[in-house]
Amino acid sequence: MASGNGSTGEPIVRVEKVAQRYGRKVVLRSVSLEVKAGEVAALLGANGAGKTTLLRILSGLDAPERGQVWLGNVPLTNAGHEIRRYVGLVSHRPLVYESLNGLENLHFFAQMYDLVEPEARIEAVLTAMDLWHRRYDPVRTYSRGMIQRLAIGRAILHDPPVLLLDEPDTGLDQESVAVLTDLIAQLREGGRAVLVTTHNWDRAERWADKIFYLADGSIEDGAEALRQR
Ligand code: ADP
């Protein structure tokens with residue numbers, strides 16, 4: 001397991017007894033977890049276990065039916081528009097513009113986040129994502145891995161304290177996974193709270209300080225689930 005400085009950080013993400021249903025289907029029964037500053041947590045679970053559902057709740061896209069979420073000291077329900085500044089989300093859809101080039105995409109999102117003089121930050125992010133050399137090429141010419149790296153770049157652009165990464169490694173080539181692994185280490189170093197879902201146990205172990213396993217709508221200790229695998 002990766003070793004971070006997480007044990008000393010403040011809880012940045014706090015989830016208490018969150019429940020969610022779609023129609024009559026119970027997806028999350030009672031989910032509680034914490035992610036601290038400088039901590040990387042991996043969320044594992046079978047397809048349909050509810051990982052995306054939980055991340056959508058944490059990013060303010062869906063309201064939970066029951067339970068509470070705090071981001072820092074602020075209950076999610078009161079976070080309003082501030083949540084966009086507080087959370088960076090990499091979802092299954094890359095949410096980047098194919099007709100624009102990489103540089104234009106990040107300029108667009110920098111404007112959305114009201115970043116002042118974003119040039120240096122955009123260059124740093126494109127460089128970290130190994131896309132600086134392709135910055136003038138339209139995104140439609142990018143490989144799948146490059147598009148995913150740009151989507152990750154969009155999520156970290158405003159340097160939010162919380163990063164929610166929903167299967168960021170799906171469809172990535174080895175080189176892109178290495179870029180992602182470096183980034184996750186940097187986010188930990190920078191005191192960010194990271195919650196990442198993946199289907200890859202080995203990666204979860206490599207990336208994360210702790211592993212949550214979602215099954216039957218509740219969280220189990222991932223280390224225990226791993227032993228029983
Ligand atoms: P995971 O990310 O672990 O694969 P999801 O959170 O995507 O799981 O889905 C959990 C369950 O909730 C699945 O059975 C899925 O079909 C269902 N589900 C997800 N979103 C919706 C929705 N908007 N309407 C109805 N059912 C949904």
What is the set of long-range amide H partners of LEU163 at a cut-off below 5 Å, with H atoms built 1.01 Å from backbone N?
GLY88, ALA193, VAL194, LEU195
Pairing the Cα long axis of helix 174-189 with the longest principal axis of the chain, what angle in degrees results, from 0 to 90 and rounded to the nearest 10?
70 degrees
ASP166: net charge of surrounding residues, Cβ under 11 Å, Lys/Arg +1, Asp/Glu -1, itself excluded?
+1
Which aspartates and glutamates have a Cα less than 17 Å from the Cα of LYS17, not counting those fewer than 8 places away in the same chain?
GLU34, ASP62, GLU65, ASP216, GLU220, ASP221
Could you give the distance between the Cα centres of the stretch 114-162 and the stretch 15-89, to the whole Å?
26 Å
Please give the charge dipole size of the chain, origin at the Cα centre, charges +1 on K and R Cβ atoms and -1 on D and E Cβ atoms. Round to the nearest 20 debye.
740 debye
Which aspartates and glutamates does LYS36 reach when only Cα atoms under 13 Å apart count, and residues fewer than 8 places away in its own chain are ignored?
GLU10, GLU189, ASP209
Taking the solvent-accessible surface of protein heavy atoms with a 1.4 Å probe, what is the per residue accessible area of the stretch 43-110 in Å²?
52 Å²
Given Cβ charges of +1 for Lys and Arg and -1 for Asp and Glu, the option among SER32, MET146, GLY48 whose Cα lies farthest towards the positive end of the dipole of the stretch 30-156 is GLY48
Would you mind checking the tilt of helix 144-156 against the longest principal axis of the Cα atoms of the chain, expressed as 0 to 90 degrees and rounded to 10?
80 degrees
At most 10 other Cβ within 10 Å, DSSP loop - trypsin sites (Lys or Arg not before Pro), the stretch 23-79
ARG24
Can you pull out the GluC sites (Glu not before Pro) in the stretch 9-113 that DSSP calls coil and that have at most 15 other Cβ atoms within 10 Å?
GLU65, GLU98
With unit charges on the beta carbon (Lys/Arg positive, Asp/Glu negative), name the residue among GLY88, PRO64, LEU76 whose Cα is farthest towards the positive pole of the charge dipole of the stretch 39-117.
PRO64
In the stretch 110-172, chymotrypsin sites (Phe, Trp or Tyr not before Pro) in a DSSP loop with at most 12 other beta-carbon atoms within 10 Å:
TYR136
What does the charge dipole of the stretch 116-229 about its Cα centre add up to, to the nearest 20 debye, if the Cβ of each Lys and Arg holds +1 and the Cβ of each Asp and Glu holds -1?
240 debye
If I compute solvent accessible area with a 1.4 Å probe over the protein chains, what percent of it on the chain is carbon and sulfur?
48 percent
Based solely on its DSSP helices, what 222 nm [θ] is calculated for the chain when runs of n ≥ 4 H residues each add -39,500 (n - 2.57) and the sum is averaged over all residues, nearest 500 deg cm²/dmol?
-10000 deg cm²/dmol
When the dipole is taken about the Cα centre of the stretch 1-137, and only Lys, Arg (+1) and Asp, Glu (-1) are charged at their Cβ, what size is it in debye, to the nearest 20?
900 debye
Under a 1.4 angstrom probe, counting protein chains only, how are HIS92, HIS158, HIS81 ranked by accessible area, largest first?
HIS81, HIS92, HIS158
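The values are calculated or read from the model by the stated rules, or taken from the named source; none is laboratory data. No experiment lies behind these values; they were computed from the predicted model shown. Every residue, glycine among them, receives a Cβ derived from its backbone with ideal geometry; neighbour counts consider all protein chains shown. Ligands, DNA and RNA are excluded from the accessible area calculation, which covers all protein heavy atoms including side chains. Shrake-Rupley method; radii C 1.70, N 1.55, O 1.52, S 1.80 Å.
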